[in-house]
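Scroll down for the structure; my scribbles are underneath it.
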Amino acid sequence: MPKKITMAVVAEMAGVTKSTVSRYFNGGYVKKATREKIQKVIEEYNYAPNTFARLKAKESNVIGVVVPTLNSKVTSRVITSIDRYLRDRNYTTLIKNSDHDIDLELLNIQKLIHLNVDGILISSIAITEDHHDIFEQTQIPIVILAQDYEDGISIIDDDYNAGKCVGEYIGKTGHKKVGYIGVYETDEAVGVRRRQGVLDGLASFGIYDPLIKKSDYSFLGGQKNTREILEEMKPDAIVCATDRLAFGAYKVLQEKGLRIPEDISVVGFGGYDESSLLTPELTTLKFDSYGMGYLGAETILKMIKEEPVSKKQIVEYEFIEGKSVKNRT
């Protein structure tokens, strides 16, 4: 038995060429009898190919995925869906985390391009001129998730209409003094479009002056902004751009002895599983994050095969009426 099994050794022991073994692992056509020979050697010596060595092949069967964070329920749903779809089709997922850093996101995209992956899915923080330059220079198929990219292929949440839905809900339940905890405008989808939807929904019920605060996506940010809102006004509702921000609002309101929803209603976006465990259960809006991952993976494989794809796809959302909003009409 060889000390170290390599693809070349597998080919020699199976009596086939190295390119045939490579084609076998990359999902290409190999005759049944040849496949059986290769499989016998693989099973006998428990051989697994080196993924990064395969990246040198013309087709690596590896898809790069760039995400803004790993500490997010929404991101984990998207990644899980992508990985399941690709795995079932003999592709490997290579995930790079940007930690909400634009420069790191750009570096991660460049690294994946240099690794010669077959395609890249990018759940982007924002689309900058630097992104445009990179996308224009590469021949690798790229799909943008969560941000609208007019010059390429994108799959997005319906952030504006989702925000409007929540704004209208707060308005029609009789709230008048509203605080809004959003995120910075660098994230155009959440920081601009979702917020504008909320504001337009509130305005349709005569609420034109909500107190707006901005945060990162953190639990601590939600707490900080909630304290700031309470210092400046006595709201009857706080709308949070994400469930994690709403968690921060819950903590501060409960610390101050304010009842949810009797004193202040709270609503979020995300539909995290934990939101249903809060007391009271959080009213929230859930995007189809699994659907986004599925569509992203499906689309990137179609692009690799040079099949036609839609320029923009919009995933659905579901409004989840918990018990954190009081009807004040």
For the stretch 312-329, how many residues meet the condition of being under 30 Å from Ile260 (Cβ atoms), open to solvent by 40 Å² or more (accessible area, probe 1.4 Å) and touching an Asp or Glu at 6+ places or on another chain (Cβ under 8 Å)? 6
Being part of a loop (DSSP other than H, G, I, E, B), in contact (Cβ under 8 Å) with a residue 60 or more places away in the chain, under 21 Å from Ser123 (Cα atoms) and open to solvent by 10 Å² or more (accessible area, probe 1.4 Å): is that true of Val309 here? yes
Filtering the stretch 254-283 down to residues that are assigned to a loop (DSSP other than H, G, I, E, B) and in contact (Cβ under 8 Å) with a residue 60 or more places away in the chain, which residue is farthest from Ile142 (Cα to Cα)? Glu262
Scan of the stretch 224-242 for residues that are open to solvent by less than 10 Å² (accessible area, probe 1.4 Å) and assigned to a helix (DSSP H, G or I), ordered by number: Asn225, Thr226, Ile229
Residue hits (the stretch 102-133; open to solvent by 10 Å² or more (accessible area, probe 1.4 Å), in contact with a Leu (Cβ under 9 Å, 6 or more places away or on another chain) and either among the hydrophobic types (A, V, I, L, M, F, W, C) or not in a strand (DSSP E or B) (or both)) are Leu115, Asn116, Asp118, Thr128, Asp130
Sort out which residues of the stretch 171-189 are assigned to a helix (DSSP H, G or I) and either open to solvent by less than 20 Å² (accessible area, probe 1.4 Å) or among the hydrophobic types (A, V, I, L, M, F, W, C) (or both), and write them in order of number. Gly171, Ala189
Condition test on Lys286, is it under 18 Å from the mean Cα position of the chain (by Cα) and either crowded, with 17+ Cβ neighbours inside 10 Å or in a helix (DSSP H, G or I) (or both)? yes
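The values are calculated or read from the model by the stated rules, or taken from the named source; none is laboratory data. Since the model is a prediction, treat every value here as computed from it, not as a measurement. Here Cβ is always computed from backbone atoms with ideal geometry, including for glycine, and neighbour counts include all displayed protein chains. These area figures cover heavy atoms from the full protein model, side chains too; ligands, DNA and RNA do not enter into them. Shrake-Rupley method; radii C 1.70, N 1.55, O 1.52, S 1.80 Å.
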